[in-house]
1. Name every residue in segment 210-221 that is closer than 26 Å to residue 166 by Cβ and without any contact (Cβ under 8 Å) to a residue 40 or more places away in the chain, in order of residue number.
2. Tell me whether segment 4-20 contains one or more residues that are surrounded by 12 or more Cβ atoms within 10 Å (Cβ to Cβ), closer than 27 Å to residue 149 by Cα, assigned by TED's automatic domain parsing to the domain that holds residue 115 and free of Cβ contacts under 8 Å to residues at least 40 places away in the same chain.
3. Only residues that are surrounded by 17 or more Cβ atoms within 10 Å (Cβ to Cβ) and either touching a helix residue (DSSP H, G or I) at 6+ places or on another chain (Cβ under 6 Å) or within 19 Å of residue 135 (Cα to Cα) (or both): list them for segment 221-246, please.
4. From the list 216, 233, pick out the single residue that is touching a strand residue (DSSP E or B) at 6+ places or on another chain (Cβ under 7 Å) and not in a helix (DSSP H, G or I).
5. Quick one: residue 147 ticks every box in (1) more than 23 Å from residue 93 (Cβ to Cβ); (2) part of a loop (DSSP other than H, G, I, E, B); (3) in contact with a strand residue (DSSP E or B) (Cβ under 9 Å, 6 or more places away or on another chain) bar one, so which box is it?
6. With segment 32-127 as the region, which strands (runs of 3 or more DSSP E) entirely inside it contain at least 3 residues that are in contact (Cβ under 8 Å) with a residue 24 or more places away in the chain and surrounded by 13 or more Cβ atoms within 10 Å (Cβ to Cβ)?
7. Inside segment 179-190, can you point out the residues that are more than 19 Å from residue 231 (Cβ to Cβ) and in contact with a strand residue (DSSP E or B) (Cβ under 6 Å, 6 or more places away or on another chain)?
8. Would you mind stating whether residue 184 is over 22 Å from residue 80 (Cα atoms) and under 17 Å from the mean Cα position of the chain (by Cα)?
């Protein structure tokens, strides 16, 4: 009980939680009087004080990048798809429609049809060169080399990860990549933020097929020029690359 009540007030919503506490207590009493055949116990109370909002909140980066990837993979209809380190919740759903290999430094211990989790390091991927036709890596390479997830410290970590993604992609294959874009910087040890032109330069063997963008206001902007992200602080760039055929 102490943990549940503590969680209701810890974090950035402290004042909101405090402000809604009187309503919680009033509604507790209303429910207690109405539920004549139930007995409420304060020991079992579980206050959720900040969920009464007019619109469901969500993280725009993760919401839109999942929608962006799912639609493009669905349109391409690959025999199988490989993802490197993206959101497990997104990959869980994607695997319902396409066989998916999910490679992560910390692989999830799950058994699910159409989903094969593998342990692996993005700077040493367990695939032959030119062997993958459909590949994604969303909100991942900005973390590589910062040590956040137990990987080795390496200032060139993002470039090394990009080189591996490029290496394993088959000629004609597609890479779906997302990273934070805007004012270029390192926010140690959380992530890096890139200029779109920097990301473009990481993949000299690939052609940029399309670029979409979640801007600082959380809006999705599809099929825009790279220059659209130049003045952002922390947007999400969605890059669709194709490897040239030999």
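1. Selection gives 210, 211, 213, 221.
2. Checked against the condition, which is being surrounded by 12 or more Cβ atoms within 10 Å (Cβ to Cβ), closer than 27 Å to residue 149 by Cα, assigned by TED's automatic domain parsing to the domain that holds residue 115 and free of Cβ contacts under 8 Å to residues at least 40 places away in the same chain, segment 4-20 yields no hits at all.
3. 226, 229, 235, 236, 237, 238, 239, 240, 241, 243 - these are the residues of segment 221-246 that are surrounded by 17 or more Cβ atoms within 10 Å (Cβ to Cβ) and either touching a helix residue (DSSP H, G or I) at 6+ places or on another chain (Cβ under 6 Å) or within 19 Å of residue 135 (Cα to Cα) (or both).
4. 216 is the lone residue from the list that is touching a strand residue (DSSP E or B) at 6+ places or on another chain (Cβ under 7 Å) and not in a helix (DSSP H, G or I).
5. Every listed condition holds for residue 147 apart from (3).
6. Fully inside segment 32-127 and qualifying: 80-84.
7. Selection gives 186 alone.
8. For residue 184, the condition - over 22 Å from residue 80 (Cα atoms) and under 17 Å from the mean Cα position of the chain (by Cα) - is not met.
The values are calculated or read from the model by the stated rules, or taken from the named source; none is laboratory data. Note that the coordinates shown come from a computational prediction; the quantities given were computed from them, not determined experimentally. No Cβ is skipped: glycine too gets one built from the backbone with ideal geometry, and neighbour counts run over all protein chains shown.
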